[in-house]
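See structure below.
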Amino acid sequence: MRLQSSDNRPWYKEPWPWILMAGPMVVVIAGFTTAWLAILSNDGLVMDDYYKQGLAINQQLQREQKAGDLGLQGDVMRSGEQLRVMLSAGPGQAAWPEKLTLRITHPTRAGMDQHVTLVAAGAGMFSGKLETEISGRWHVVLEDQSGQWRLVGDWQADAEESFRLLSGDAASTINRNVTGR
């Protein structure tokens, strides 16, 4: 006895072949879309002059070493948008500069970076004002105007306490409070 199918529709009118082909088709479309985005997008992390920037790292390290040789450390205090920095140094520091530059850079959002000029207020105290309110984690670089030394550190801006910028290996601490605890 032979069973005959009364349904003689062609394959393309059946739902199962289309359901089975949908998965690979989606993958092919996603692959072309990814290739198109990769070709047209600009990778902002790769610099054109990466070789020159690599050579400049030694100069930056020398500036941090100079800050360590001078025994510099800076205590950064914030009240709203107002910033105050109190610099202290070892016995070799003769006079403080008139102005300092404080660069506050966000680890992932370059458009939020700020450059603050700090003006001397006497006895190693410097003050300035942020352009906008900040919160979260920031990388901070404090340097003199002549580019002789610099202090670096990471700052959690939401913290209540002040933080200390140190030179050398100790610069990697986050929000080391002023009392040293």
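The values are calculated or read from the model by the stated rules, or taken from the named source; none is laboratory data. From a predicted model like this one, the values you see are computed outputs, not experimental measurements.
For the reader, a short list of remarks on this structure follows.
- Under the condition of being outside any strand (DSSP E or B), of a type in the set (D, E, K, R) and over 20 Å from the mean Cα position of the chain (by Cα), the residues counted in the range 125-152 number 0.
- Of all the residues in the range 100-124, those that are of a type in the set (D, E, K, R) and either in a helix (DSSP H, G or I) or modelled with pLDDT of 85 or more (or both) number 2.
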